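For reference, the structure is listed below as structure tokens.
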Amino acid sequence: MNLNVKEIFYSLQGEGGRQGEASIFIRLTGCNLKCKFCDTDFDGGRDMNFGQIMAVIKQFSCKWIVWTGGEPSLQLTDEILLFFKKQGYLQAIESNGHKKLSDLLDYTVVSPKGNPAYAKEQNPEVDEVRLPVKKGMAIPPLDILPAAKYYFLSPIFTTGMQSTNANLYYCVKYIKLHPEWRLSVQLHKLIGID
């Protein structure tokens, strides 16, 4: 069985509830949504089988895999997750939540795009909800989002610092009024790591 992989890299988790933890990122190609603010190149890639992926990731001392994309749930199956679990890996996913996520995952992040209620219908409970936020954007109420341990607002980084700061301060103001949310700034972008 093959996965279409855009890239595999080793870094620190840059945002959310696992921020700062060493992680192996496996970015899969393809997405079922076309978000205007997406900052990720997930087109292209190459087919890799389990052995080829293992050859890359076993060089890292970390046992956390973060499945990301695009939308990783379009390719991941229980068979794939079980294979890596048997190799001793813990597995997280960063998903838009439009597909039901596997119970074999150890940590689930849903960043609902489009219709948040649909993400809740597919995934009633997750570990983390993380919303990319731009100044002026409407933040959905918690009751239409999946139930989660953590709710994060993540300001969208743009090319202009003034615009990025406006997004950041919009999140800060909102969280002060709605303390059930937390701030998640993309640490990897701030300190310039992959």
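Laboratory data are not the source of any read-out in this text; all were calculated from the coordinates shown. What you are looking at is a predicted structure, and each value in this text was computed from that prediction instead of being measured.
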*From Cα coordinates alone, what are the radius of gyration and Dmax values for the range 92-194 in angstrom?*
13.9, 42
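Taking 0.36 nm per intervening residue step and subtracting the Cα-Cα distance, what contour gain separates residue 90 from residue 10 on full extension?
Contour length minus Cα-Cα distance gives 27.3 nm.
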*When Kirkwood radius over Cα pairs in Å is calculated directly from the model, which label among (1) 19.7; (2) 18.0; (3) 17.2 fits?*
(3)
*Cα-Cα over 27 Å: which of 63/176; 63/100; 86/113; 99/176?*
63/176; 86/113; 99/176
*Starting from the amide H of residue 65, placed 1.01 Å from N in the peptide plane, find each other amide H under 5 Å away whose residue is 5 or more places distant or on another chain.*
24, 90, 91, 92
*Quick one: among 58, 86, 100, which has the greatest mean-square fluctuation in a GNM of the chain with alpha-carbon springs under 10 angstrom?*
86
*Indicate, rounded to the nearest 5 percent, the antiparallel portion of the DSSP beta bridges found entirely in the chain.*
30
_Under the rule of at least 5 residues apart or a separate chain, name every residue whose amide H is placed under 5 Å from the amide H of residue 135._
167
